[in-house]
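*Asks:* Can you keep this structure in mind? I'll have questions shortly.
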Amino acid sequence: MNNFRIILLKSFTGLALTGPIIINNNDNKNNNNIESQNFGYLLQNIASSSVSIDIAGLVVLILGLTLVGAVLIYLLIKKLSNEKASYAEMIEEEEILTNIWNDWKYSRRAKSQHGTAIPEDSPTHAIWKGDDEIKRAIIIGDVHGCCEELEELLKKCSFNEKTDTLIFVGDLVNKGPDNIGVLKLVRKLNAWVVRGNHDDKAVFVAVQSKVYPTQKKDTFSWTSELGVDDIQYLNKLPYSLKLPERFSKNNQPILIVHAGIVPGVDLENQKLEDMTTMRALKKQNDKFIAKEKLKDAIPWASQWNGPYHIYFGHDAKGGLQKFPYATGLDTGCCYGRQLTAAILPEGNIVQVSAKKVYSKP
């Protein structure tokens, strides 16, 4: 086989060397004769060779080259398919983020007005649904990214996924050390969460930085770690959650909100922005209006007389608050104080101390 390759090489070398001579001498008349002589020389060497051509070897070689070509074509097609899928995912992601952005802007305009009544058991005002195996409701105050403290609190409460329902009063994120960790844990445990003002702001900053990256970013720098599914999750959080009477000692209906609600106004007519930002009330024309600060105002929970018993957060300065029809659970964990849980129906309060001061009040 090696001799055969040498003969071929010599013959083709002869052709290659003869060709330039023919061209340089411009002897067009002899071209055909010389080419015939070289081709005949090639055939003569092949015919006179005593080496037998390994047909099986040639077949294997051809098949090998065919296989290599097929693999290369497959890899190319796969690469093109992956690039097409990645492009499609990118377009889908941009569409999702743009829809969230538009929805957020619309909801911001709607939040400052009463507008059309929003019914209960809607994406805005949720109603808890669960089976009879759930015996306890564990309601946890503002976590603000304090994941270690949250894990410790769950252990201290002897949390059991099969017999307990886990509920958060909002502000899962921001100010603390591990916002992404808190989100992962809460989602893993299939917890119920109402929307807090920091959850709401995180959606705004995350989407703004992705859809409009040239705009100035907020101080929520950690939101760059949020995936599209995380943003969707936060954006779908309800503003309130109603629990059945069986979680109350006196069969009183229970409502979870982040900040509060205004007495005398039906739940479906509450201003959504008030529900995530208010701390106090002020009288105006014989009616209460919501205020974010206590200056020249009174705590809203002190004026709330039912029918719901409301569990809320948002007021770290007020700490653990106990009123006849309202309980405040924001005890400033991110400020180096405590993370608090209320366990229903017993009504027990469980707390763990913060590992350190993560943020200044």
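Taken together, the values in this text are just the output of simple stated rules run on the coordinates, not laboratory data. Since the model is a prediction, treat every value here as computed from it, not as a measurement. For neighbour counting, all protein chains shown are included, and Cβ atoms are generated from backbone atoms with ideal geometry for every residue, glycine included.
*Asks:* State the Kirkwood hydrodynamic radius of the range 256-305 in Å, one decimal place, computed from all pairs of distinct Cα atoms.
*Replies:* Final number for the Kirkwood radius of the range 256-305 is 10.7 Å.
*Asks:* Can you compute 3J(HN,Hα) from phi for each residue in the range 267-280, using the Karplus curve 6.51 cos²θ - 1.76 cosθ + 1.60 with θ = phi - 60°, rounded to whole Hz and x for Gly and Pro?
*Replies:* Ordered by residue, 3J(HN,Hα) equals 4, 5, 10, 5, 6, 4, 5, 4, 5, 10, 10, 6, 9, 9 Hz.
*Asks:* How large is the Kirkwood hydrodynamic radius of the range 268-347, counting all unique pairs of alpha carbons, in Å?
*Replies:* Computed over the range 268-347, the radius equals 13.6 Å.
*Asks:* Something else: Taking the Cα centre of the range 252-353 as origin, sum charge times position over the Cβ atoms of Lys and Arg (+1) and Asp and Glu (-1), and report the length of that vector in debye to the nearest 20.
*Replies:* Taking the Cα centre of the range 252-353 as origin, the dipole is about 380 debye.
*Asks:* Take the alpha-carbon centre of the range 168-192, take the same for the range 311-361, and report the distance between them in whole Å.
*Replies:* 16
*Asks:* By the scheme Lys and Arg +1, Asp and Glu -1, what is the net charge of all other residues having a beta-carbon under 12 Å from that of Gln284?
*Replies:* Result for the local shell: +2.
*Asks:* Can you pull the three principal axis extents for the Cα set of the range 197-296, in Å, largest first?
*Replies:* So the extents along the principal axes, rounded to whole Å, are 49, 37, 20.
*Asks:* Can you list residues whose amide H is under 5 Å from Met278's amide H, if they're 5+ apart or on another chain and H is modeled 1.01 Å from N?
*Replies:* So Met278 has HN proximity to Gly260.
*Asks:* Need one number: the % of Cα-Cα pairs in the range 219-278 sitting beyond the 13 Å mark.
*Replies:* 72
*Asks:* Could you list, bin by bin from short to long, the percent of Cα-Cα pairs of the range 217-361 in 10 Å steps?
*Replies:* It works out to 10, 35, 36, 17, 2, in whole percents.
*Asks:* Looking at the range 309-361, what % of the alpha carbon pairs are farther apart than 16 Å?
*Replies:* Looking at the range 309-361, the distances longer than 16 Å represent 39 percent of pairs.
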